[in-house]
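Visitor: Questions regarding the structure given below will be posed in turn.
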Amino acid sequence: MKLVTFTQNGSAPKPGLVRDGKIVDLSPFAKDMVELIENFDRIKSKIESALATIPESSVTLLSPIPRPVSMRDGYAFRQHVESARKGRGLPMIPEFDLFPVFYFTNALAVVGPGNLPVQKQALQDLDFELEVAIVIGKKGKNIPASKADQHIFGYMVMNDWSARALQREEMKLNLGPAKGKDFATGLGPYLVTRDELSKYVVPSPHGDRLNLRMRAWLNDQQVSDGNVQTMNWTFGQIIERASYGVTLLPGEVIGSGTVGTGCFMELNATKTTNNLWIKPGDTFVCEIEALGRLENKIVEAPETYED
């Protein structure tokens with residue numbers, strides 16, 4: 001299934017199912033995507049038999065899961081880590097091969113497609129990070145990598161927006177990322193259930209890999225090209241690490257980390273691009289085969305007090 005969260009004519013956000021260019025309104029079955037995931041096995045047959053009545057072109061798509069239960073982001077692609085460090089004159093960090101590391105990011109600052117307002121300080125060296133994300137669908141604790149795929153509900157395109165100037169200053173204090181990351185994380189526009197991707201699966205001893213091409217464009221210029229299956233740590237291994245001594249719940253989101261060539265920090269460091277960053281007025285697209293295209297236009301946001 002290809003699931004979305006949408007609004008129509010100013011309505012409150014609703015969960016939906018995309019089918020043949022139309023949308024099934026799933027709000028009679030669940031108030032939001034987290035509730036739908038929690039109750040999916042019970043309501044799946046009703047969803048499958050429901051009629052698609054709303055043209056997709058008539059709605060506004062949001063992030064499929066606007067308010068995740070939590071958000072972790074991994075560091076799974078060696079090419080990205082090694083290239084970015086080499087460009088800064090640093091050797092590859094040996095701890096990368098010991099365990100799959102992750103950090104928590106702001107689950108309250110999730111965005112979908114469309115205009116992305118960004119304030120002045122975050123616009124200094126604004127960067128994209130092309131990633132794939134999973135959503136947990138089944139509760140579990142101390143989950144072995146061999147069983148972890150059973151806990152994945154589905155997959156999404158993820159753009160881990162990064163304010164590099166802020167990030168560089170903060171990381172000198174060996175804490176973070178913080179303000180350099182917490183203003184926006186893009187997800188969507190679709191949440192594709194795991195069963196829909198079976199033909200792309202590449203089995204491994206540590207859980208499934210997916211042979212899905214990943215690309216990105218800045219104002220129609222392609223700047224990134226990679227593949228999900230080049231993850232050096234599988235999602236199975238990341239889930240095993242994340243669930244050690246901790247219960248994972250339906251609706252939690254975990255990102256892969258940046259694919260090789262998947263951000264300007266890496267591309268600039270390796271001289272593939274020349275000090276290229278994203279500016280107000282730019283349109284940026286992240287695309288993953290079978291998962292869709294996440295498109296955002298950057299606009300400068302006013303720094304006004306809100307309550």
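Visitor: Given the criterion of a type in the set (V, I, T) and either in contact with a Lys or Arg (Cβ under 8 Å, 6 or more places away or on another chain) or surrounded by 22 or more Cβ atoms within 10 Å (Cβ to Cβ) (or both), identify the matching residue among V132, V69, V81, V111.
Guide: Working: V69 fails: either in contact with a Lys or Arg (Cβ under 8 Å, 6 or more places away or on another chain) or surrounded by 22 or more Cβ atoms within 10 Å (Cβ to Cβ) (or both); V81 fails: either in contact with a Lys or Arg (Cβ under 8 Å, 6 or more places away or on another chain) or surrounded by 22 or more Cβ atoms within 10 Å (Cβ to Cβ) (or both); V111 fails: either in contact with a Lys or Arg (Cβ under 8 Å, 6 or more places away or on another chain) or surrounded by 22 or more Cβ atoms within 10 Å (Cβ to Cβ) (or both).
Being of a type in the set (V, I, T) and either in contact with a Lys or Arg (Cβ under 8 Å, 6 or more places away or on another chain) or surrounded by 22 or more Cβ atoms within 10 Å (Cβ to Cβ) (or both) holds for just one of V132, V69, V81, V111, which is V132.
Visitor: Being modelled with pLDDT of 95 or more and either over 24 Å from V101 (Cα atoms) or surrounded by fewer than 23 Cβ atoms within 10 Å (Cβ to Cβ) (or both): is that true of K271 here?
Guide: The answer is no for K271.
Visitor: To continue, here is another question. Under 8 Å by Cβ, and 6 or more places apart or on different chains, what pairs join a residue from the range 225-251 that is within 17 Å of V157 (Cβ to Cβ) and touching a residue at least 60 places away in the same chain (Cβ under 8 Å) with one that is aromatic (F, W, Y) and crowded, with 20+ Cβ neighbours inside 10 Å?
Guide: From residues that are within 17 Å of V157 (Cβ to Cβ) and touching a residue at least 60 places away in the same chain (Cβ under 8 Å), the pairs are G226/F77; T230/F77; M231/F77.
Visitor: Would the range 172-195 turn up any residue that is surrounded by fewer than 15 Cβ atoms within 10 Å (Cβ to Cβ) and closer than 18 Å to G292 by Cα?
Guide: yes
Visitor: Give the residues of the range 254-307 that are on the phi > 0 side of the Ramachandran plot, within 20 Å of the chain's Cα centre (by Cα) and in a loop (DSSP other than H, G, I, E, B), sorted by residue number.
Guide: G257, T261, A290
Visitor: Then there's this: Looking only at the range 43-77, which residues are closer than 23 Å to S11 by Cα and of a type in the set (S, T, Y)?
Guide: T53, S57, S58, T60, S63 - these are the residues of the range 43-77 that are closer than 23 Å to S11 by Cα and of a type in the set (S, T, Y).
Visitor: Of the residues in the range 84-105, how many are of a type outside the set (G, A, S) and loosely packed, with under 14 Cβ neighbours inside 10 Å?
Guide: So the answer is 11.
The values are calculated or read from the model by the stated rules, or taken from the named source; none is laboratory data. Just so we're clear, the structure is a prediction, and the values are computed from it rather than from any experiment. With ideal geometry, Cβ positions are generated from the backbone for all residues, glycine too; neighbour counts draw on all protein chains shown.
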